[in-house]
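Novice: The structure follows.
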Amino acid sequence: MVNNFLTTLNITLIANRNLKKMEARAGEAIKKSSTASSNKAAIDAYEKDME
């Protein structure tokens with residue numbers, strides 16, 4: 001899908017192996033962000049219950 005988009009824009013295609021590496025890095029970043037968000041929500045809920 002990404003390569004189709006790049007072809008439409010007349011941009012050099014991304015090698016599949018490099019695309020997979022970028023997907024893995026993005027996945028890790030999303031995982032870290034969601035974990036931090038979940039932790040903050042849990043702390044906020046706990047603090048609200050303690051009021």
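Laboratory data are not the source of any read-out in this text; all were calculated from the coordinates shown. Remember, predicted model here, so these are calculated numbers, not experimental data. Cβ sites come from the backbone with ideal geometry, for glycine too, and all protein chains shown count toward neighbours.
Novice: Treating only the Cβ atoms of Lys and Arg (+1) and Asp and Glu (-1) as charged, compute the dipole magnitude of region 2-49 about its Cα centre; round to the nearest 20 debye.
Specialist: With only Lys, Arg, Asp and Glu charged at Cβ, the dipole is about 320 debye.
Novice: Sort Asp44, Asp49 by Cβ crowding within 10 Å, fewest neighbours at the top.
Specialist: Values: Asp44 10, Asp49 7.
So the ranking, lowest neighbour count to highest, is Asp49, Asp44.
Novice: Near Lys31, which lysines are there with a Cα under 21 Å away, not counting those fewer than 8 places off in the same chain?
Specialist: Leaving aside lysines fewer than 8 places away in the same chain, those within reach of Lys31 are Lys20, Lys21, Lys40.
Novice: Could you give the angle, 0 to 90 degrees to the nearest 10, between helix 16-49's Cα long axis and the longest principal axis of the Cα atoms of the chain?
Specialist: Around 10 degrees separate the two axes.
Novice: Let me ask another. Over the alpha-carbon set of region 2-49, divide Rg by the Kirkwood Rh and report the Rg/Rh ratio to two decimals.
Specialist: With Rh from the inverse mean 1/r over Cα pairs, Rg/Rh is 1.35.
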